[in-house]
Amino acid sequence: MPTPAYTSAANFIKGVPEAEAAINIESFEQSFEDPKEYIESKAGSNTGFVSNFNPSSSCTISGEVNTATLDIVGGFAFATDETIANAVDGYGTAAGGWYMDTFSLSASRGSLMSASASFTRHPDIA
C-alpha cells in the first residue's frame with residue numbers, strides 16, 4: 001500500500017503532509033482547546049470570561065504498522081516529549097512538549113495491523 005502523498009495546488013492539501021516513523025499514516029487529527037472561566041454578575045448571568053490561562057492541543061495519529069518491533073511503533077514512549085511531524089503550532093499552543101496519553105494496536109484476520117496514538121500538549125510543560 002503506498003504511503004499517502006503530500007500535494008498542494010491552489011491552497012488545497014491532499015493526504016498527510018509528513019510521515020511518522022513505523023506508521024503508514026491513515027489519518028492525523030489535531031484539536032485546540034482554550035477553556036473559559038465565566039464572570040457572573042450578582043444576578044447570576046454571565047458578563048464576561050477569562051481565557052488563555054490553560055490552552056492545550058491534542059492530536060491522534062492512526063495508520064498501519066510497518067515495523068516488526070511492536071514495542072517501539074512510531075518511536076513513541078510515555079512520559080517523553082515526542083516530535084509530531086504533522087503538528088501545527090498556534091492557537092496559544094506554540095510551545096510545550098507533546099506527551100502520549102494513549103497507544104493502541106489492532107489486528108484482525110486478513111487486515112494489516114494498525115496503531116493509534118493520542119498526545120496532549122500544554123504550553124507550560126516542556
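The values are calculated or read from the model by the stated rules, or taken from the named source; none is laboratory data. As the structure is a prediction and not an experimental result, all values here were calculated from the model. Note: ideal-geometry Cβ built from the backbone for every residue, glycine included; neighbour counts use all protein chains shown.
Pairs meeting the criteria (first residue in segment 84-107 and more than 16 Å from E33 (Cβ to Cβ) and touching a residue at least 12 places away in the same chain (Cβ under 8 Å), second residue surrounded by 11 or more Cβ atoms within 10 Å (Cβ to Cβ) and aromatic (F, W, Y), beta carbons under 8 Å, at least 6 apart or on different chains) are I84/W98; I84/F119; N86/F28; M100/F76; M100/F119; F103/F76.
Quick grid of which residues meet (1) at pLDDT 85 or above; (2) over 24 Å from T120 (Cβ atoms); (3) loosely packed, with under 10 Cβ neighbours inside 10 Å; (4) β-branched (V, I, T):
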| position | (1), (2), (3), (4) |
| --- | --- |
| P4 | no, yes, no, no |
| E18 | no, no, no, no |
| F28 | yes, no, no, no |
| I39 | yes, yes, no, yes |
| S58 | yes, no, no, no |
| E82 | yes, no, no, no |
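What are the residues in segment 73-126 that are assigned to a strand (DSSP E or B) and among the small types (G, A, S), if any? Across segment 73-126, the qualifying residues are S104, S106, S114, A115, S116, A117, S118. Note on segment 6-16: among residues that are part of a loop (DSSP other than H, G, I, E, B), at pLDDT 65 or above and not small (G, A, S), the one that is nearest to N66 (Cα to Cα) is V16. One residue stands out among those in segment 104-126 that are touching a helix residue (DSSP H, G or I) at 6+ places or on another chain (Cβ under 8 Å) and crowded, with 16+ Cβ neighbours inside 10 Å: the one that is modelled with the highest pLDDT, which is A117.
For every residue, the table says whether it meets (1) surrounded by fewer than 15 Cβ atoms within 10 Å (Cβ to Cβ); (2) farther than 30 Å from D124 by Cβ; (3) of a type in the set (S, T, Y).
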| site | (1), (2), (3) |
| --- | --- |
| I23 | no, no, no |
| S31 | yes, no, yes |
| N46 | yes, no, no |
| I61 | no, no, no |
| G97 | no, no, no |
